Amino acid sequence: MAQTGYVHGEPDDEEVSRLVRQAEFVAGFSLNTFEAPPGARVLDVGTGVGAIAAQIARLFPGIELTGVDVSAVQIARAKALHPVATYLVADGSSLPFADESFDCVHMSWVLEHVEDPIAILRETRRVLRRGGVGHFSEVDHNTLVVWPPIDGLDTTMTVMNDVQRAAGGDPFIGARLESLVRAAGFTNVHMRRAVLRGDDDHEAERVELQTQFAGLLESLGEALSEADMVQARRVAAALRGLGPGSYMEYQPVIVRASG
Ligand SMILES: C[S@@+](CC[C@H](N)C(=O)[O-])C[C@H]1O[C@@H](n2cnc3c(N)ncnc32)[C@H](O)[C@@H]1O
């Protein structure tokens, strides 16, 4: 089984709200390059509480959607909260499906948490029909820009990134996602960065980035020491308090490829 270094804890109600809001935000800049005609067999790997599956189902009506996650707790919540798919507990590196079972595979914010991302990518390619589409979104925490500077933000991001790396993950995986997808055997690989920026002219985007990153830091409760968590909560409050004249930018990576 693939080692999973998931650092955001079990999905209590607060964490579910964060994931739902994140999925709504993500759909706007990620799923605009996802395609699935009615009747398409679509697999969402690492579906979590089903928040992104709900967005996929909303945007692509009539598809046959399956969601898998290695965590039974996440799958139980997905079934209860977002009954838009057939949900199964399964490890992305060992999927319980025959070769070429799906027309499209979607996977967001999963590979950043695993020790062997190529094993999961190879497995997603195995279950994708030849010529089917893989759509992968990933983080690159090196791209976060915040103005004016927030005291302790760099230290807190470093602590969070180090915790994720110690657990086997990679908070900068977006930078190498394209080459990982190629190494897993996909063809027609197309990589793009979504430039998310918020400033006085893009107020809604700024509020969203403030909320997303503050929520991310606050969700680290059990992964950080108490002292680091006090600092993370202080930084999160400062992020939420950014006002007129401030600026935030972040560039996640989205790779689309053929199986
Ligand atoms: C940050 S959440 C993303 C959830 C969802 N994809 C979304 O975009 O809202 C990462 C999810 O990946 C799952 N995960 C981690 N390692 C996995 C693996 N080896 N196989 C399947 N799921 C995995 C975790 O349990 C968690 O639910």
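Could you check segment 27-46 and list, in sequence order, the residues that are under 21 Å from His113 (Cα atoms) and either among the small types (Gly, Ala, Ser) or surrounded by fewer than 22 Cβ atoms within 10 Å (Cβ to Cβ) (or both)? Selection gives Ala27, Ser30, Gly46.
I need every pair where a residue in segment 231-243 that is farther than 17 Å from Arg206 by Cβ has its Cβ under 9 Å from the Cβ of a residue that is part of a loop (DSSP other than H, G, I, E, B) and among the aliphatic types (A, V, I, L, M), sequence separation at least 6 or different chains. Sorted first by the residue in segment 231-243, then by its partner, the pairs are Gln231/Leu224; Ala232/Leu220; Ala232/Leu224. Looking only at residues in segment 40-58 that are part of a strand (DSSP E or B), more than 9 Å from the ligand (Cβ to nearest atom) and not charged (D, E, K, R), the one that is farthest from Asp13 (Cα to Cα) is Val42. Kindly check whether there is at least one residue in segment 22-31 that is closer than 29 Å to Met157 by Cβ, within 12 Å of the ligand (Cβ to nearest atom) and polar (S, T, N, Q). Within segment 22-31 (the criterion being closer than 29 Å to Met157 by Cβ, within 12 Å of the ligand (Cβ to nearest atom) and polar (S, T, N, Q)), the answer is yes, since at least one residue qualifies. Assessment of segment 68-75 against the conditions (within 14 Å of the ligand (Cβ to nearest atom), of a type in the set (Val, Ile, Thr) and either at pLDDT below 95 or surrounded by fewer than 21 Cβ atoms within 10 Å (Cβ to Cβ) (or both)) yields at least one matching residue.
Look through segment 116-148, keep the residues that are in a strand (DSSP E or B) and among the charged types (D, E, K, R), and return whichever of them is nearest to the ligand (Cβ to nearest atom). Step by step, filter segment 116-148, then rank; the result is Glu138.
Being over 18 Å from the mean Cα position of the chain (by Cα) and in a loop (DSSP other than H, G, I, E, B) is a property that does not hold for Asp154.
Filtering Pro61, Pro37, Pro96, Pro83 for residues that are within 13 Å of the ligand (Cβ to nearest atom) and part of a loop (DSSP other than H, G, I, E, B) leaves a single hit, Pro96.
Which of the numbered conditions does Cys104 fail, given that it passes all the others? Conditions: (1) touching a Phe, Trp or Tyr at 6+ places or on another chain (Cβ under 8 Å); (2) near the ligand (Cβ under 8 Å from one of its atoms); (3) in contact (Cβ under 8 Å) with a residue 60 or more places away in the chain. Going through (1) touching a Phe, Trp or Tyr at 6+ places or on another chain (Cβ under 8 Å); (2) near the ligand (Cβ under 8 Å from one of its atoms); (3) in contact (Cβ under 8 Å) with a residue 60 or more places away in the chain one by one, Cys104 breaks only (2). Beta carbons closer than 8 Å, at least 6 apart along the sequence or on distinct chains, pair a first residue in segment 157-185 that is at positive phi with a second that is in a helix (DSSP H, G or I) for Gly168/His113; Gly185/Arg122; Gly185/Arg125.
The values are calculated or read from the model by the stated rules, or taken from the named source; none is laboratory data. As the structure is a computational prediction, the values presented were derived from the model and not from experiment. Every residue, glycine among them, receives a Cβ derived from its backbone with ideal geometry; neighbour counts consider all protein chains shown.
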